[in-house]
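The values are calculated or read from the model by the stated rules, or taken from the named source; none is laboratory data. Because the structure is predicted, anything quoted here is derived from the model rather than measured. Here Cβ is always computed from backbone atoms with ideal geometry, including for glycine, and neighbour counts include all displayed protein chains.
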2 protein chains.
Amino acid sequence: MESDVKPAQGSRSQQRYEQVLDAASECFRRNGFHGASIAEISKLARMSPGHIYHFFENKEAIIAAIVDRKIQGWIKLLGDIEQEEDVFASMTQLERIETGVAERTASEFAGLWLEVQSEAARNPRIAAIVHEADARVRARLIQVMRIAREARGIVSTASDDAMVEVIMASFEGLANRAVMNPGFATRDVARVLQVAIRAALEA
Amino acid sequence: MESDVKPAQGSRSQQRYEQVLDAASECFRRNGFHGASIAEISKLARMSPGHIYHFFENKEAIIAAIVDRKIQGWIKLLGDIEQEEDVFASMTQLERIETGVAERTASEFAGLWLEVQSEAARNPRIAAIVHEADARVRARLIQVMRIAREARGIVSTASDDAMVEVIMASFEGLANRAVMNPGFATRDVARVLQVAIRAALEA
């Protein structure tokens with residue numbers, strides 16, 4: 001489920017496309033999916049509504065593109081991890097985990113992501129968008145996890161699917177935690193998370 | 001931050017109070033905090049709006065009572081764990097974790113909780129409600145965690161606060177995962193989560 005028109009990388013049109021996604025992310029975060037209007041998004045993006053409709057048919061298509069952009073970032077990160085010599089060490093590296101914690105707990109991300117997920121829980125069209133995107137991340141994470149474990153000779157008794165769920169739940173839940181208890185110590189949490197993720201990968 | 005009038009345990013009035021919370025939970029989950037109206041809640045609860053206003057001043061007060069009811073349940077559970085002989089074993093017992101996974105991934109819970117958190121991310125009054133409630137759970141979890149670790153002679157290098165965040169993030173994130181990838185195997189996930197939680201407690 002892609003947005004209607006996806007402009008070429010590096011083009012002027014792509015810049016505008018990204019500008020719409022940034023403005024829409026901010027509007028969804030501030031006012032929720034239903035509270036955000038194309039009029040408001042166009043105002044924040046400093047573009048006419050017609051321009052926005054050139055790229056996106058409706059708010060669902062904007063959400064699909066926002067989710068796709070996020071997912072592309074995570075898939076790229078997994079590709080980087082896969083390129084490194086010691087994939088297990090790379091996956092569980094403290095600095096990497098700390099960056100992940102910081103990303104997930106940043107209020108711009110946490111508020112937007114919780115809104116997308118909470119809308120997905122009640123809106124079948126948004127649910128379809130996130131299911132498809134999540135399946136891509138899961139598949140990629142399973143590949144990288146397998147390489148990491150094989151290189152260390154870890155024979156797992158747990159299923160790949162269950163491992164992925166636990167690792168993804170720990171990261172996803174950081175957004176919820178940032179809302180429930182803002183301002184916890186990122187570095188300290190990353191240290192404990194590192195221990196928990198290593199254990200899950202060896203389960 | 002409590003609801004305005006909290007009726008006595010076991011009274012007829014308490015039954016009605018719970019009925020309002022059940023109906024409101026369902027309305028918030030289905031239509032979001034802003035989409036849900038007192039009129040709709042009163043219809044689903046089969047009660048007059050006047051009756052609802054007798055208990056609650058507004059929708060925020062209903063959210064406070066819903067969150068409080070959830071938190072009371074978790075605090076009671078921590079009390080039960082604390083009573084058992086081997087607190088570490090009790091905290092990391094597979095059946096207990098599996099029950100937690102099932103509770104967190106049930107669509108009634110996941111949708112409601114994500115909506116509360118996503119509203120808390122943008123609404124300072126809801127944020128204040130969840131911060132206060134979360135602080136109570138964290139404080140209780142830290143107490144029980146300390147007993148569990150001391151009994152096993154575990155000397156931690158990690159901070160209690162960071163451990164609590166990682167354990168709570170893994171559970172909180174299950175609601176997000178249930179939306180992103182509905183229908184994963186509860187038992188398999190509980191097994192991996194057990195390994196990860198044990199590791200976090202020993203960090």
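Observations, loosely collected:
- A single member of A:71, A:62, A:41 is among the aliphatic types (A, V, I, L, M) and either surrounded by fewer than 22 Cβ atoms within 10 Å (Cβ to Cβ) or under 30 Å from residue A:193 (Cβ atoms) (or both), and it is A:71.
- Scanning the range B:80-104 for residues that are touching a residue at least 24 places away in the same chain (Cβ under 8 Å) and exposed (fewer than 14 other Cβ atoms within 10 Å of the Cβ) yields B:86, B:94.
- Residues that are within 16 Å of residue B:6 (Cα to Cα) and more than 11 Å from the chain's Cα centre (by Cα), drawn from the range B:56-97: B:56, B:57, B:58, B:59, B:60, B:61, B:62, B:63, B:64, B:65
- The single condition among (1) out of contact with any Asp or Glu (no Cβ under 9 Å at 6 or more places or on another chain); (2) at pLDDT 95 or above; (3) of a type in the set (A, V, I, L, M) that residue A:155 does not satisfy is (2).
- Selection from the range B:136-162 of residues that are small (Gly, Ala, Ser) and under 21 Å from residue A:193 (Cβ atoms): B:148, B:156, B:158, B:159, B:162
- Pair list, Cβ < 8 Å and 6+ apart or interchain, from the range A:7-30 residues that are on the phi < 0 side of the Ramachandran plot to residues that are of a type in the set (S, T, N, Q) and part of a helix (DSSP H, G or I): A:7/A:13; A:7/A:14; A:8/A:14; A:23/A:42
- Helices (runs of 4 or more DSSP H) contained entirely in the range B:78-158, each with at least 1 residues that are within 12 Å of another protein chain (Cβ to nearest Cβ) and among the aromatic types (Phe, Trp, Tyr): B:107-120
- Within the range A:185-200, being under 21 Å from the mean Cα position of the chain (by Cα) and not basic (Lys, Arg) holds for A:186, A:189, A:190, A:193, A:194, A:196, A:197, A:200.
- Residues that are β-branched (Val, Ile, Thr) and either surrounded by 15 or more Cβ atoms within 10 Å (Cβ to Cβ) or under 17 Å from the mean Cα position of the chain (by Cα) (or both), drawn from the range A:3-34: A:20
- The range A:183-197, subset more than 7 Å from chain B (Cβ to nearest Cβ) and at pLDDT 95 or above, residue surrounded by the most Cβ atoms within 10 Å (Cβ to Cβ): A:197
- Selection count where residues are surrounded by fewer than 21 Cβ atoms within 10 Å (Cβ to Cβ) and out of contact with any Ser or Thr (no Cβ under 9 Å at 6 or more places or on another chain), scope the range A:172-182: 1
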